[in-house]
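The values are calculated or read from the model by the stated rules, or taken from the named source; none is laboratory data. It should be emphasised that the depicted structure is a prediction, and the values quoted were computed from it without experimental measurement. Neighbour counts are summed over all protein chains in view; Cβ atoms, including those assigned to glycine, are modelled from backbone coordinates with ideal geometry. Accessible surface areas use protein heavy atoms only, side chains included; no ligands, DNA or RNA. Shrake-Rupley method; radii C 1.70, N 1.55, O 1.52, S 1.80 Å.
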Amino acid sequence: MHHLRNYVAGRWQESARRFNDVNPVDGTVIAEVHEADAATVDAAVRSGREAVRGAWGRTSATERAAMLYRIADEIDRRSEEFLAAEMADTGKPYSMASTVDIPRGAANFRVFADIIKTAPLDCFRTDLPGGAHALNYTVRKPLGVVGVISPWNLPLLLLTWKVAPALACGNAVVAKPSEETPATATLLAEVMHSVGLPAGAFNLVHGFGPESAGEFITRHPDIDAITFTGESRTGTAIMHAAAAGVKPVSFELGGKNAAIIFADCDFENMLDGMMRAIFLNSGQVCLCSERVYVERPLYERFCEALCARIKKLKLGWPNDRESMMGPLISAAHRDKVLRYFELARQEGARVLAGGGVPTFGDGRDRGFWVEPTVITGLPESARCIKEEVFGPICHIAAFDTEEEVIALANDTAYGLAATTWTTNLNRAHRVAEAMHVGLSWVNSWFLRDLRTPFGGAGLSGIGREGGAHSLNFYSELTNVCIRIEK
Ligand code: NAD
Ligand code: 6OD
C-alpha cells in the first residue's frame, strides 16, 4: 500500500493514525494517509516560525522568485506523476487534469515569481508648512506562518494558488489539503524538498477539519494568517477560530452562480461554453452555473440543444482520452447530490435529462457517479435554486427582460461568479457590471488571467486574491515616514 506522510521541518513524518485515500471512479483504496495530530501541527508551525526567522526570512524577492521558478520547473518535469495522482484521487478525466489542474499548478508559481519581482511600492512626497517635506514609502514584509487549507475539487490548482503567493512574500506555510485528495500535495512536498526550499518554509499536514489537522491549524496561537478555500459553512467555523487571535483570513467559498443567455448570442459558442460551465469537473467547480436563465425566444431551442449535447458527454475512465466527465468525489458527496435530485422532484421540477445514477457493467458501478442532470420548472424560492449542489446539475428558467434577469441573477446569498452570453456590446457591459459577484464573464466562463482579482461577495468569501491582491493579503506593509527639513 502506498503511504502519504506529513512533511514537517524538511522531514517526512509518520503517524500512528491513518485513513484511506479512495479512488472515486471505482471505490478502490489507493493509499494510506498519515493523519497529523496536534503535536505534529505544532511542530510544523514551530518549524515555519524558525524558517521565517532564519535563512528563508532573509531571502530577497529575487531569490524567492528564483526558487518559485525552480518549483514550477520541477512540477512540469514530474507532470505525468502529478497527472496520475490527481486523476486517481479525483477521478477527473485526462482531458481536464492535463489542461487545467496540473498546468495551473506550475503556472501559479511562475506568475507569483514574476509578480513579486516587479511589485511596485507606494511612495508619497508630503509637502509641509515652511518648506519642509516628508517622504513616505512602504516596505513589504512577510506575515509569518500562514495556514493554507484547501478543498478537493481542484486539489493542486487551489493549494498552489495560495502556497505560491505566500512563499513569494517570504512567509512559511503550513498546508493542509483535503482529506479526499492528499496525493498531489504530497508530491508538491517532494518537489519543495528536491529544489532545496529551506526546511520549515513549506510544511504539509494531512487530516480532516474539526478536531483534526484543519482545526489544529486554525486554533494554533502562533499561526499568523489563514487562507481557506471550501464551503461557506466551514468558513464560518474557521472565522470563529481565527477570531481569538484576530487573525487575517482570506476566504474563497461556495457559489450559486447564474448564467444569462440572451437570444442574440452566438448560439454554438454559447452552447460549448455552457457545457463546460455546467458539467466541467462533474459540476464540482465553485464557478459552475447551477442557475441558467434563457431569454424566452431561445428557451426551447437551448433546452433541446443542451440535452442533445449531454447524450454525447462521455462518462469514462480518467485515462480514456475521450472521457469528458468523471464521478463525484466521494460516496458522501454522491449521496448529497442525489438528495438534491430527489428534492428537486419533490419541489416540483421537471427533469429534462439525467436525475439518476449511471450503470456501466464494470468496476465503475462501485464508484460515485451520477448522471448529468437538467431540470426546469422550479419556483425561484426552491431550495434547489437557493443552495449550492456542487454537482452536474442546472436549473433552466425563461426570462423576458434585461431588468428582470438582472434581479433574478442577483437574488442569492452567494456572490461568486456570473456569465452573460450576448452579441450586444452595450448590453454586455450593462449586465456584466450589474452582477453582484466577484467574477463576471461575458461570452466566456472560467477564463483566467492570474493577475486579476479573484474572490466572491456575500456567502462566497472574504477578500480577493490574484496578482497584487494576493501580495497585499500575504504581506505586512510598514509605512516609513521621514521628515526632511528644508
Ligand atoms: P470543505 O469546506 O468541506 O473542506 C475544505 C477544507 O477545509 C478541507 O481541507 C477540510 O478538511 C477543511 N475543513 C473542514 N472543516 C474544517 C474546520 N472546521 N476547520 C478547519 N478546516 C476544516 O469544502 P470541500 O467540500 O472540500 O469543497 C467544496 C466547497 O468548496 C464547495 O462549497 C465549493 O464551492 C467551495 N470552493 C470554493 C472555491 C472558490 O474559489 N470560491 C473554490 C473551490 C471550492
Ligand atoms: O482559477 C483560480 O484561481 C481559482 N481559484 C479557481 C477556483 C475554482 C473553484 O472551484
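Using a ≥ b ≥ c from the Cα gyration tensor of segment 344-486 (square roots of the eigenvalues), is it rounded, prolate or oblate, where a/c under 1.5 gives rounded and otherwise the larger of a/b and b/c decides, a/b for prolate?
Prolate, because a/c is 1.5 or more and a/b exceeds b/c.
Considering only C-alpha atoms, what is the centroid distance from segment 189-205 to segment 50-84, in Å?
Their Cα centres are 8 Å away from one another.
What percentage of the solvent-accessible surface of segment 144-201, computed with a 1.4 Å probe over protein heavy atoms, is contributed by carbon and sulfur atoms?
Ligands and nucleic acids excluded, carbon and sulfur reach 52 percent.
Using 29 Å as the Cα-Cα cut-off, could you pick out the over-long pairs in LYS117/LYS486; LYS141/LYS486; LYS162/LYS312; LYS247/LYS336; LYS141/LYS176?
Too far apart for the 29 Å limit: LYS117/LYS486; LYS141/LYS486; LYS162/LYS312; LYS247/LYS336.
Tell me the per residue accessible area of segment 90-177 using a 1.4 Å probe; a whole number in Å² is fine.
Counting only protein heavy atoms, the per-residue value for segment 90-177 is 30 Å².
Enter the angle in degrees (range 0 to 90, nearest 10) between the Cα long axis of helix 61-77 and the first principal axis of the Cα atoms of the chain, meaning the one along which they spread out most.
For helix 61-77, the angle is close to 40 degrees.
Net charge near PRO155: determine it from the other residues with C-beta under 13 Å of the C-beta of PRO155, scoring Lys and Arg +1 and Asp and Glu -1.
The answer is -2.
Suppose every K and R has +1 on its Cβ and every D and E has -1 on its Cβ; what is the size of the dipole of the chain about the Cα centre, in Debye to the nearest 20?
So the dipole magnitude of the chain works out to roughly 980 debye.
Among ALA468, MET96, HIS133, which residue has its Cα furthest toward the positive end of the charge dipole of the chain, with +1 on Lys/Arg Cβ and -1 on Asp/Glu Cβ?
Working it through, the farthest residue towards the positive pole turns out to be HIS133.
What angle, in degrees between 0 and 90 and rounded to the nearest 10, separates the Cα long axis of helix 79-90 from the longest principal axis of the Cα atoms of the chain?
The angle comes out at about 60 degrees.
Mind checking the log10 I(q)/I(0) for segment 130-185 at q = 0.21, 0.22, 0.26, 0.29 Å⁻¹? Debye, one equal scatterer per Cα, no solvent, two decimals.
Evaluating at q = 0.21, 0.22, 0.26, 0.29 Å⁻¹ gives log10 I(q)/I(0) of -0.77, -0.81, -0.98, -1.11.
TYR474: net charge of surrounding residues, Cβ under 11 Å, Lys/Arg +1, Asp/Glu -1, itself excluded?
Taking every Cβ under 11 Å from that of TYR474, the sum is 0.
What shape does the chain have by the C-alpha gyration tensor, where a ≥ b ≥ c are the square roots of the eigenvalues, rounded means a/c under 1.5, and otherwise prolate means a/b greater than b/c and oblate the rest?
Here the chain falls in the oblate category.
What distance in nm separates the two pseudo spin-label positions at VAL480 and GLU211, each 7 Å out from Cα along the beta-carbon direction?
It works out to 5.1 nm between the two label points.
What angle, in degrees between 0 and 90 and rounded to the nearest 10, separates the Cα long axis of helix 232-243 from the longest principal axis of the Cα atoms of the chain?
20
Straight-line reach from LYS314: which lysines have a Cα under 22 Å away, not including same-chain ones fewer than 8 places off?
Hits, sequence-local ones excluded: LYS92.
Kindly write out, for segment 94-103 in residue order, the coupling ³J(HN,Hα) from the Karplus curve 6.51 cos²θ - 1.76 cosθ + 1.60 (θ = phi - 60°), rounded to whole Hz, with x marking Gly and Pro.
3, 4, 8, 4, 7, 10, 10, 4, 6, x
What is the percent carbon and sulfur in the accessible area of segment 1-143, measuring with a 1.4 Å probe over the protein chains and ignoring ligands?
Carbon and sulfur together cover 52 percent of it.
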